[in-house]
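Structure first, then comments.
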């Protein structure tokens, strides 16, 4: 299992993303795990549309000189891992 984190990406840093598949512990000491991560590149910006339950959130990354978007899940299972 690979540990991943429910964090907000920081401008200019590089990340992998995943949807966590296993959670252990209780808030505020929860840990999140998955069995697969995907490299998405350098964080560029966060975007959102809508309001409350109808809101959609995404982060845009630069991968191979092309912008790609990672959409957050409604359930809050979207995670990231910083790549150095």
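Quick one: P(r) of the stretch 2-83 from all Cα-Cα pairs, 5 Å bins, percents rounded to integers, in order of increasing distance.
Here the calculated profile for the stretch 2-83 is 3, 15, 24, 23, 18, 13, 3, 1.
Normalised by the residues of the chain, what does the relative contact order come to in percent, with Cα pairs under 8 Å and at least six apart?
With pairs under 8 Å counted, the relative contact order is 35 percent.
Read the figures in this text as sums done on the coordinates, not as results from a lab. These figures come from a predicted structure and were not determined experimentally.
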